[in-house]
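Input: a single structure, listed below in structure tokens.
The values are calculated or read from the model by the stated rules, or taken from the named source; none is laboratory data. This one's a predicted model, so the numbers in the text were calculated from it and none came from an experiment. Here Cβ is always computed from backbone atoms with ideal geometry, including for glycine, and neighbour counts include all displayed protein chains. Please note that ligands, DNA and RNA were not included when accessible areas were found on the heavy atoms of the full protein model with its side chains. Shrake-Rupley method; radii C 1.70, N 1.55, O 1.52, S 1.80 Å.
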Amino acid sequence: MTENTMTENVQFTSGFLKGKKGIVLGVANKRSIAWGISKCLSSHGAQLAFTYQGERLKESVEELSKTLPGESPLYSCDVAKDEEIKSVFEKLGSDFGSLDFLVHCIAFAKKEELAGRTIETSREGFQIAHDISSYSLIALAKAAEPLLEKNGGSIVALTYLGADKVIPNYNVMGLAKASLESGVRYLAADLGPKNIRVNGISAGPVNTLAARGIAGFTTMLDSHRNRAPLKRNVEIVEVANAAFFLLSPLGSGITGEILYVDCGYRIMGA
């Protein structure tokens, strides 16, 4: 059985998200996990809004959003700037009225920090990686809280095994993802009384443009495929289905958790 036949037809549709409204942050191109999640959520009936950073990405995100049914508002947002985050959710409140979910697919580290030894991480590189990849979740959750609490809601953030285990060349991003995962738990505790759930998805390595910036990524893919119990790499559609589960009523009793979608790689020893 080939890898393709193993996972064919795993995308399905339902009306579970009909009438629900959400925002996805981090769509960069059609091969990104964020876009895979967006297509999945839309197929289940959700109306989506998107953000982009800078005019360079606006055209790409706008083109993709037009392939979805209904109208998808687009907002410029640099998550390193509080005033831009505030502006996004003010506009979103006007456009949507309330919000049912937020998807955080944002991470960044300077390329030179993703090679060599972690001990060589610069102070600036550390601050940038944590600001964009981790603090942004807190800032976005705070801005979204007034919209999410109206009907109860859900937040999902993408993370990776490098938060928990040492992954060669992941370096400062592993530290930032560890911070992100801790943030998921603390935010879940803060927002739970308002019926807002917060969870993370730790996806196995996926061959996206962003991932290719990690030195030795092809070797990482090969190692994952060979060691994972399912003997293959995870597909974007499988990560997207997991996001749908956590964001939909099916995941109503789950918060503060990290769901591993990695073909079982995490359970294996050396």
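Couple of notes before you dig in:
- Taking every protein chain into account, the accessible area of the stretch 1-124 amounts to 55 square angstrom per residue (probe 1.4 Å).
- With a 1.4 Å probe rolled over the protein heavy atoms of all chains, the accessible area of ILE267, ILE106, ILE196 falls in the order ILE267, ILE106, ILE196, largest first.
- Assigned charges on the beta-carbon of Lys, Arg, Asp, Glu; the stretch 168-270 dipole about Cα centre (debye): 120
- Just checking the listed ones, VAL156, VAL239, VAL206: in the Gaussian network model of the chain with Cα springs under 10 Å, the one fluctuating most is VAL206.
- Each residue of the stretch 175-184 is assigned a 3J(HN,Hα), and the resulting list reads 5, 5, 5, 4, 5, 4, 5, 5, x, 4 Hz, derived from the Karplus form 6.51 cos²θ - 1.76 cosθ + 1.60 (θ = phi - 60°), x at Gly and Pro.
- Between GLU120 and THR218, the modelled labels are 2.2 nm apart [label points 7 Å from Cα along Cα→Cβ].
- Structure-derived Kirkwood radius over Cα pairs in Å - corresponding label in (1) 18.8; (2) 18.3; (3) 20.9: (1)
- A simple charge model with +1 on the Cβ of Lys and Arg, -1 on the Cβ of Asp and Glu and nothing else charged puts the dipole of the stretch 48-121 at about 200 debye relative to its Cα centre.
- FRET efficiency estimate (nearest 0.05) - Cβ-Cβ, LYS81 to LYS30, R0 25 angstrom: 0.40
- Under the Karplus curve 6.51 cos²θ - 1.76 cosθ + 1.60, θ = phi - 60°, whole-Hz ³J(HN,Hα) for the stretch 240-253, x wherever Gly or Pro sits: 5, 4, 5, 5, 4, 4, 6, 8, 8, x, 5, x, 4, x
- Charged side chains reduced to their Cβ positions (Lys and Arg at +1, Asp and Glu at -1) give the chain a dipole of some 480 debye around its Cα centre.
- Taking the empirical scaling 2.2 N^0.38 Å for compact globular proteins as reference, the stretch 117-270 has a Cα radius of gyration ratio of 1.09.
- Dipole of the chain, positive end: most advanced residue of ASN241, ILE196, SER87 [Cβ charges, Cα centre]: ASN241
- Contact order normalised by residue count of the chain, Cα under 8 Å, 6+ apart, percent: 19
- At most 12 other Cβ within 10 Å, DSSP loop - GluC sites (Glu not before Pro), the stretch 12-71: GLU71
- DSSP-loop trypsin sites (Lys or Arg not before Pro) across the stretch 124-190, with at most 11 other Cβ within 10 angstrom: LYS165
- Mean ellipticity per residue at 222 nm, deg cm²/dmol - from DSSP H runs of n ≥ 4 across the chain, formula -39500 (n - 2.57): -12500 deg cm²/dmol
- Accessible area of the chain belonging to carbon and sulfur atoms, whole % at 1.4 Å probe: 52
- Counted charge near SER202, where neighbours are those whose Cβ lies closer than 13 Å (Asp, Glu -1; Lys, Arg +1): -2
- Using a cut-off of 26 Å between Cα atoms, the listed pairs LYS58/LYS150; LYS81/LYS177; LYS58/LYS86; LYS30/LYS150 include LYS58/LYS150; LYS30/LYS150 as exceeding that distance.
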